[in-house]
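The values are calculated or read from the model by the stated rules, or taken from the named source; none is laboratory data. Fair warning: this is a prediction, and the values are worked out from it, not measured in the lab. So basically every Cβ, Gly included, is an ideal-geometry build from the backbone, and we count neighbours across all protein chains shown.
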Amino acid sequence: MTDTLFDTAPAPALAPAAGATPRPLVIGLDPSLTSCGIAGADWADALRPRKAHARGHLRLSWLRTEIADRTRLADLVVIEGPSYGHGAMAGHHEMAGLWWLIAHDLWRREIPYAVCPPSQRAMYATGKGNAAKGAVRDGVRQHFGIECDGPGRYDKADAASMAHLGLHWLGYPTTELPDTHTRALAGVQWPTQIVAVAQ
């Protein structure tokens with residue numbers, strides 16, 4: 001047995017309050033080859049491959065493994081759909097491959113996933129489908145209390161907006177939003193199977 005600086009034993013689970021329904025785990029994903037946004041209800045991160053994993057198969061494998069690890073307990077994943085207006089951009093072919101790797105892994109592990117167009121995640125955070133990245137980031141801070149700073153801040157905010165959108169669809173809205181924002185729910189391709197945690 002070796003000594004470690006940190007206690008590696010898992011923390012005991014907290015019991016929900018009497019009569020409370022535990023909130024499901026919804027993960028928002030903004031796939032990217034260089035800065036992949038990933039978020040839950042109260043956190044956001046950006047997966048940024050190191051130089052050693054910066055290209056080709058190594059990069060795809062690293063991102064696939066990181067995402068699979070962080071979504072393994074998810075009740076629902078909301079993944080940003082492809083932006084067809086960027087089809088001629090460099091890296092589009094590889095980006096499409098990453099998207100399908102993620103979606104296929106979720107399907108294989110029987111984790112329900114929704115496909116959210118970029119305009120809908122912007123609309124849910126700001127009320128406008130064509131809102132700028134900075135406005136989405138501001139909306140995420142204002143409505144959901146998540147600070148998205150540093151490298152990948154806009155990717156973090158996009159993922160956070162989708163995580164909260166998914167919670168709302170399941171019947172667990174985290175805040176009260178006007179109709180200008182909640183109309184985004186109608187534009188998402190939600191899973192056809194019944195999600196066990198839906199209210």
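Summary table
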| read-out | value |
| --- | --- |
| Where H143 falls short, out of the listed (1) in contact (Cβ under 8 Å) with a residue 24 or more places away in the chain; (2) surrounded by 21 or more Cβ atoms within 10 Å (Cβ to Cβ) | (2) |
| Residues located in region 158-168, provided they are in contact (Cβ under 8 Å) with a residue 60 or more places away in the chain and more than 13 Å from S32 (Cβ to Cβ) | A160, S161, M162, A163, H164, L165, G166, L167 |
| Those residues of region 160-199 which are at pLDDT below 95, among the small types (G, A, S) and more than 20 Å from L73 (Cβ to Cβ), in sequence order | none |
| Any chance G91 is modelled with pLDDT under 95 and not hydroxyl-bearing (S, T, Y) | yes |
| Residue satisfying all of: in region 12-34; within 24 Å of L101 (Cα to Cα) and at pLDDT below 95; surrounded by the most Cβ atoms within 10 Å (Cβ to Cβ) among these | S32 |
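Yes or no, residue by residue, for (1) outside any helix (DSSP H, G or I); (2) under 30 Å from A196 (Cβ atoms):
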residue	(1), (2)
L98	no, yes
L106	no, yes
E110	yes, yes
A114	yes, yes
A122	no, yes
N130	yes, no
G134	no, no
R137	no, no
D149	yes, no
